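FYI, it's all coordinate maths here, none of it is from the lab. Every value quoted in this text rests on a predicted model; they were computed, and no experiment measured them. Here the Cβ positions follow ideal geometry from the backbone for every residue, glycine too, while neighbour counts run over all protein chains shown.
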């Protein structure tokens, strides 16, 4: 959102969908064993105000919860694109696909 632009209203039900997505991500990362043990890693840093505000608005989280969710998203990121692109050229050009 640019300065001076009106704030967009969330679609009905979108908050619930985001909350479910956040919960599913954190449940998955917990099931993967990435939330076990004590929280011992201390992180300090700076972020762009607009980036932080947008992430907080979209996720409904703030502070440590937002940081943990962001880390979970990175930790769970899939490699589908890389695996798909690695298949390029693996099917012979003379294969009849019956199209």
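Would you mind stating whether residue 72 is surrounded by 11 or more Cβ atoms within 10 Å (Cβ to Cβ) and in contact with a helix residue (DSSP H, G or I) (Cβ under 6 Å, 6 or more places away or on another chain)? It is true that residue 72 is surrounded by 11 or more Cβ atoms within 10 Å (Cβ to Cβ) and in contact with a helix residue (DSSP H, G or I) (Cβ under 6 Å, 6 or more places away or on another chain). Within the range 58-90, track down each residue that is within 22 Å of residue 15 (Cα to Cα), over 14 Å from the mean Cα position of the chain (by Cα) and not in a loop (DSSP other than H, G, I, E, B). Result: 63, 64.
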